[in-house]
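Only one structure is covered here, and it is reproduced in the block below.
The values are calculated or read from the model by the stated rules, or taken from the named source; none is laboratory data. Computed from a predicted structure; not experimentally measured. Virtual Cβ from ideal backbone geometry, glycine too; neighbours counted across all protein chains shown.
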Amino acid sequence: MSDARPNDRDDEPGGTGAVDGESGDNGTDEKPDDVPPHRAVARSGRLDSEQRQGTPYTESQVIMPTVKIVAPFAFTFGLFVTFHGSGSPGGGFQGGAIMAAVVFMIAFAFGIEATRDWLANTVVVALAVGGTLAFAAIGLIPVARGGAFLQYDLLPIPVKYGLESVEVFGIAAIVSGVLMGLFFLLANGFASDGSGFGDGGTGDDIDDIDDIDDTDESASTGSDPSPVTDGGER
Amino acid sequence: MSVVDTALVAGYTVGEFLLFAAAGFVVLAIGMLYRAVKGPTMQDRVLAVNVLGTNTVVILALLAAALSEPTFLDIALVYALLNFLMAIAISKFTVERGGVL
Amino acid sequence: MTGLEPVVAQVTAIEASLLVFVVLTALVTALARDVLAAVIVFGAYSLGMAALYTFYRAPDVALTEAAISAGVTTVLLLLTLAKTTRIDHETVFEEVNLPAAGAAGFLFAGLALTMGDVPAVGSREAPVWSNPDVTQWYLTETYAQTGVENTVMAVLAAFRGFDTFGEAVVVFAAGIAALIVLHREVFA
Amino acid sequence: MMDAIATARVGLIAVFALLGLFFSFVSMVGVIRLPDVYSRAHTASQADTLGAGFGLAAVALTVGWEGAGFKSVLLLFFIFVTNPTAAHAIARAAFEEGIVPWTEGDDRR
């Protein structure tokens, strides 16, 4: 399929347009004849799939500036939806999802590996864990003051800002952190080479989970590592 | 009396007219669904869904205007900002060399 | 089927076209042979659902649908497909399993028979509206009690805050569960 | 005088909405009828830009500037920025996958 593609139609529409229409079916053999050498070198990354296999993939020069323009607006809009949830549609969940989508956008434009270097694992985990802890802490402050869980009028701030702080520091952080984490996790894929914790020293908790899940009839195999390795082969 | 309640033609107000226009855009979207279903290549499908997304931005904006709820424009803004994510994701997805994804 | 006429008579053009769109995309998503095609058409399904929610004046739900479907669901499904194998199919649609289709059609017919008793959208006779102790209380008292104009957010974060805390922990636990399933220790 | 302006506004709303519908219809016909993915990408981005532009112009006229007319301008700006990018991404993906452009005499795809 890729053998039959015309050899040049991306850079110079005016100069080589006539050649396109006629040599659309006879491959790349005559390419050195009708293309100047410097252009052949410049375009060598785009010949056909066999020749392209060795060349590195270049990120698109069109997508990157667009993402540079759109991403700040989208991130600001996510913040707006999060912070302005009390007066307009939206809230922490929606704003967190939009902010996570901005990270997806950046990752698709600039490469997932570069984004992974830029956005460290610590940040993602801190967002998810910190969000959960912040929600729990906001809920437990009234308990410490002798009230009920999440009784906002016992907070030292007005009730409205209590709700807002739950949305902002709690839900938005959890949702954006977990969604970014899922994205990087799925981009990495399954750890099939044993580098995950399938053979690590984390036996007890995992075995307990497996017992609860699927081995009700043989619940006494708490120290048996076989459920984990089974999971690795699936 | 706002613009939405002004009579336009044949007893219909501007708001009802905008609702009909939105329905017309939805009918066009149903037509474009043919290309999303038929293909034949994945790029055709993504292209059709991308056009559907732009259509939906207009539909949501028309609904917000017709119901005279300007905050509903936020929903259209989300689609306008995030709709091209699927297209650029597909553009990475179909590249097979070097394990880009 | 005699109860259906008053319901059908109230359906406006925008509702009817959106319903057709949503049902068509849902059918194609269910029946598409190629998984990637199903994922792409599912994106179109969520477009229709967001417009439908907007027309029924549920902007919070519509915003959630927009943010999650346009930004997140498609991308995560595509990444999952990229990590698994995908078979190119010549045919577009699956073959319909007739007994399953018959069972689904039977269920649909049974549900459609009850449509006559369902109150119309926005009707004053709907239980959710006519109950002065619950819905009306929230609509009238929310601003006085919390100072928040968006009742949905007030209900989510204040009146059922403990439930929302549980949901947030569920999202957090889902992240951990994905780590466990994929045998990883770190996200990045 | 004010009446004339209001009447012109209502009429312009109707005209813009109908023009938006017309250009979206052209776009739909192009997406359905044109022979390959590259030409479909061209008609999608070109005519759909006009359709969305006129539709959002009708919305902006309806809600007015003191409403959220600013947001519809923002909507139009982002559609103008992101739609060509999406069309580029799709065409680039098709090129990378080795889809040969349709030339005269080929089968319709």
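Quick one: count up the residues across the range B:80-95 that are under 15 Å from C:LEU81 (Cβ atoms) and aliphatic (A, V, I, L, M). Working first, answer last.
Looking only at the range B:80-95, we keep the residues that are under 15 Å from C:LEU81 (Cβ atoms), and these are B:86, B:89-95.
From what's left, aliphatic (A, V, I, L, M): B:86, B:89-90, B:95.
Result for the range B:80-95: 4.
Yes or no, residue by residue, for (1) modelled with pLDDT of 80 or more; (2) in contact with a helix residue (DSSP H, G or I) (Cβ under 6 Å, 6 or more places away or on another chain):
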{"residue": "C:ALA112", "(1), (2)": "yes, no"}
{"residue": "C:MET115", "(1), (2)": "yes, yes"}
{"residue": "C:VAL121", "(1), (2)": "no, no"}
{"residue": "C:ARG124", "(1), (2)": "no, no"}
{"residue": "C:SER130", "(1), (2)": "no, no"}
{"residue": "C:THR146", "(1), (2)": "yes, yes"}
{"residue": "C:THR151", "(1), (2)": "yes, yes"}
(message) Any residue at all in the range D:92-99 that's in a loop (DSSP other than H, G, I, E, B) and closer than 25 Å to B:ALA36 by Cα?
(response) yes
(request) Being surrounded by fewer than 19 Cβ atoms within 10 Å (Cβ to Cβ) and either closer than 15 Å to B:MET86 by Cβ or polar (S, T, N, Q) (or both) is the filter here, so list the residues in the range D:69-95 that pass it. (result) none
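Residue by residue through the range B:65-93, note down the ones that are within 13 Å of the chain's Cα centre (by Cα) and either assigned to a helix (DSSP H, G or I) or at pLDDT 90 or above (or both).
Step one: list which residues in the range B:65-93 are within 13 Å of the chain's Cα centre (by Cα), which gives B:73, B:75-84.
Scanning the range B:65-93 gives B:LEU73, B:ILE75, B:ALA76, B:LEU77, B:VAL78, B:TYR79, B:ALA80, B:LEU81, B:LEU82, B:PHE84.
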(request) For A:ILE141, indicate whether it is more than 10 Å from chain C (Cβ to nearest Cβ) and closer than 30 Å to A:ASN188 by Cβ. (result) no
(request) State the number of residues belonging to the range B:64-86 that are in contact (Cβ under 8 Å) with a residue 40 or more places away in the chain and either surrounded by fewer than 24 Cβ atoms within 10 Å (Cβ to Cβ) or under 16 Å from D:ALA52 (Cα atoms) (or both). (result) 3
(message) So if I check each of D:ALA93, D:ALA41, D:ALA68, D:ALA14, which one is facing another protein chain (nearest Cβ under 8 Å) and touching a Ser or Thr at 6+ places or on another chain (Cβ under 7 Å)?
(response) D:ALA93
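Is it the case that D:PHE25 is surrounded by fewer than 22 Cβ atoms within 10 Å (Cβ to Cβ), modelled with pLDDT of 90 or more and either more than 14 Å from the chain's Cα centre (by Cα) or under 23 Å from B:ARG45 (Cβ atoms) (or both)? I'd like the intermediate steps shown before the answer.
Numbers: surrounded by fewer than 22 Cβ atoms within 10 Å (Cβ to Cβ): yes; modelled with pLDDT of 90 or more: yes; either more than 14 Å from the chain's Cα centre (by Cα) or under 23 Å from B:ARG45 (Cβ atoms) (or both): yes.
Spelling it out, D:PHE25 is indeed surrounded by fewer than 22 Cβ atoms within 10 Å (Cβ to Cβ), modelled with pLDDT of 90 or more and either more than 14 Å from the chain's Cα centre (by Cα) or under 23 Å from B:ARG45 (Cβ atoms) (or both).
Do the conditions hold for D:ALA87, that is, is it facing chain B (nearest Cβ under 8 Å) and at pLDDT 85 or above?
Values: facing chain B (nearest Cβ under 8 Å): yes; at pLDDT 85 or above: yes.
The answer is yes for D:ALA87.
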(request) Please work out which one of (1) touching a His at 6+ places or on another chain (Cβ under 7 Å); (2) at pLDDT 90 or above is the condition A:VAL62 fails and give its number. (result) (2)
(message) If a residue counts only when it is surrounded by 12 or more Cβ atoms within 10 Å (Cβ to Cβ) and either of a type in the set (Asp, Glu) or within 14 Å of chain A (Cβ to nearest Cβ) (or both), which helices (runs of 4 or more DSSP H) contained entirely in the range C:73-188 have at least 1 such residues?
(response) C:74-83, C:135-146, C:151-154, C:161-181
(message) Give me the residue from the range B:38-63 that is within 8 Å of chain D (Cβ to nearest Cβ) and part of a loop (DSSP other than H, G, I, E, B) and, out of that set, surrounded by the fewest Cβ atoms within 10 Å (Cβ to Cβ).
(response) B:PRO40
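Please go through the range D:31-47 and give me each residue that is surrounded by 19 or more Cβ atoms within 10 Å (Cβ to Cβ) and in a helix (DSSP H, G or I), ordered by number.
Step one: list which residues in the range D:31-47 are surrounded by 19 or more Cβ atoms within 10 Å (Cβ to Cβ), which gives D:31, D:34, D:36-38, D:40-41, D:43-45, D:47.
The answer is D:VAL31, D:VAL37, D:TYR38, D:ARG40, D:ALA41, D:THR43, D:ALA44, D:SER45, D:ALA47.
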(message) All but one of (1) surrounded by 17 or more Cβ atoms within 10 Å (Cβ to Cβ); (2) within 12 Å of chain C (Cβ to nearest Cβ); (3) within 16 Å of the chain's Cα centre (by Cα); (4) at pLDDT below 90 hold for A:LEU163; state the number of the condition that does not hold.
(response) (3)
(message) Yes or no: the range C:54-69 includes at least one residue that is in contact with a Phe, Trp or Tyr (Cβ under 8 Å, 6 or more places away or on another chain), closer than 24 Å to A:MET105 by Cβ and either among the basic types (Lys, Arg) or assigned by TED's automatic domain parsing to the domain that holds C:ARG160 (or both).
(response) no
